[in-house]
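The block underneath contains the structure these notes are about, expressed in structure tokens.
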Amino acid sequence: QVQLAESGGGLVQAGGSLNLSCAASGSAYSITTMGWYRQAPAKRRELVATITNVGRTNYGDSVNGRFIISRDNGKNTIVLHMLILKPEDTAVYYCFAAFGGGRWGQGTQVTVSS
């Protein structure tokens, strides 16, 4: 079993920055890809960023160039560095880990005020 613990999030003004962290535990050795998705009210969950265990990254179009994802395989942790935040980035952000199956975190709220 894999467990995910998210931290970070909160309220920030437009143009500001925020970091989200996600730490995996349990059978974390089996994880290949980790990443973040987000879901705003009345919208579908969408890709934010993913990173593989060899460091290959993929970003959603709306955050590409503003967000950076990093990974520490030794600590089984990923960090999402969110820069130049916009009100439309407001959403619940979910950590995800793929390991044959998949596991979602419980989500953390990010609110960007204008």
- line: When (1) without any contact (Cβ under 8 Å) to a residue 60 or more places away in the chain; (2) within 13 Å of Ser21 (Cβ to Cβ) are applied to Val63, the one that fails is (2)
- prompt: Does the stretch 24-41 hold any residues that are under 11 Å from the mean Cα position of the chain (by Cα) and closer than 11 Å to Ala98 by Cα, and which are they?
  reply: Met34, Gly35
query: Hey, among the residues in the stretch 24-76 that are out of contact with any Leu (no Cβ under 9 Å at 6 or more places or on another chain), in a strand (DSSP E or B) and among the polar types (S, T, N, Q), which one's most open to solvent (accessible area, probe 1.4 Å)?
result: Asn64
So Ser21, is it under 16 Å from the mean Cα position of the chain (by Cα), open to solvent by 40 Å² or more (accessible area, probe 1.4 Å) and small (Gly, Ala, Ser): no
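Tally up the residues in the stretch 80-112 that are of a type outside the set (Val, Ile, Thr), more than 16 Å from Val2 (Cα to Cα) and open to solvent by 40 Å² or more (accessible area, probe 1.4 Å), please. Full working, then the answer.
In the first step, residues of the stretch 80-112 are kept if they are of a type outside the set (Val, Ile, Thr); the result is 80-83, 85-89, 91, 93-107, 109.
Now restrict to residues that are more than 16 Å from Val2 (Cα to Cα): 80-83, 85-89, 91, 93, 109.
In the following step, the residues that additionally are open to solvent by 40 Å² or more (accessible area, probe 1.4 Å) were identified as 81, 83, 86-88, 109.
Number of matching residues: 6.
The values are calculated or read from the model by the stated rules, or taken from the named source; none is laboratory data. Every value quoted in this text rests on a predicted model; they were computed, and no experiment measured them. Positions of Cβ are backbone-derived with ideal geometry, glycine not excepted, and every protein chain shown enters the neighbour counts. Side chains are part of the model used for accessible areas, which takes the heavy atoms of the whole protein and leaves out ligands, DNA and RNA. Shrake-Rupley method; radii C 1.70, N 1.55, O 1.52, S 1.80 Å.
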